[in-house]
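Reading through the structure tokens given below for one structure.
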Amino acid sequence: RIGNWEYNIDTGRVWASEKVFELFALAPSANSDIDINEFEACMRDRERVRNELAELINNDKPYNIEIEVNTPDGNPPRMLHSIAHCVRDANGRALRVTGIMQDITDRRHAESVLERSEKLLRTTQQLTGIGSWEWDVNNQTMFWTEETYRIHEIDRAGLHLGEESIARSLECYR
């Protein structure tokens, strides 16, 4: 789910697409604009978001942030990713900031589950002294887990698991 938004620096108001209002669980106004403080009230770390916006406006620092949002409807927090740029007049004066916002809640959750699973696998391999590896025959590449490197006392940096090192890595199993 992706929406777009535009912040008018002079008025302090934000125009937002229906999707952005939906991401914040806010009711869109008649003209789809809202005071920036109403959006910020939903942001867990609004001071960081304000600082990032100020850095974009004042110093042209790229605006590419993740924002945790606590919506007023009581649903679990959402993670949003926003990218924006500053529009300036011919004299370089900042006029407005335009951006997009995407809901990355599901992606963050999947990353968290994967990270937990990988940590559990690493711990299990360390406790049992078992490593695992995969050989892609079509591409002539190998992948080893950290425990496999440890078992074979091979420095990860010293072994490039490509076609040229398949024979060397297989020597461990003779």
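Numerical summary
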| item | result |
| --- | --- |
| Stretchable slack from Ile9 to Glu47, in nm (0.36 nm times residue separation minus alpha-carbon distance) | 12.0 nm |
| Reference-scaled alpha-carbon Rg (2.2 N^0.38 Å with N residues) for the chain | 1.56 |
| Where segment 1-130 is the region considered: accessible area per residue in Å², 1.4 Å probe | 62 Å² |
| Portion, in percent, of the accessible area of the chain that falls on carbon or sulfur, probe 1.4 Å | 50 percent |
| Gyration tensor (Cα) of segment 1-101, equivalent ellipsoid semi-axes in angstrom | 23, 15, 11 |
| Degrees separating the helix 105-128 axis from the principal Cα axis of the chain, which is the longest one | 20 degrees |
| Relative contact order of segment 67-162, pairs being alpha-carbon contacts under 8 Å that are 6 or more residues apart, as % | 15 percent |
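The values are calculated or read from the model by the stated rules, or taken from the named source; none is laboratory data. What you see is a predicted model, and the numbers here were worked out from it, not measured in a lab. Note: areas computed on protein heavy atoms with side chains; ligands, DNA, RNA excluded. Shrake-Rupley method; radii C 1.70, N 1.55, O 1.52, S 1.80 Å.
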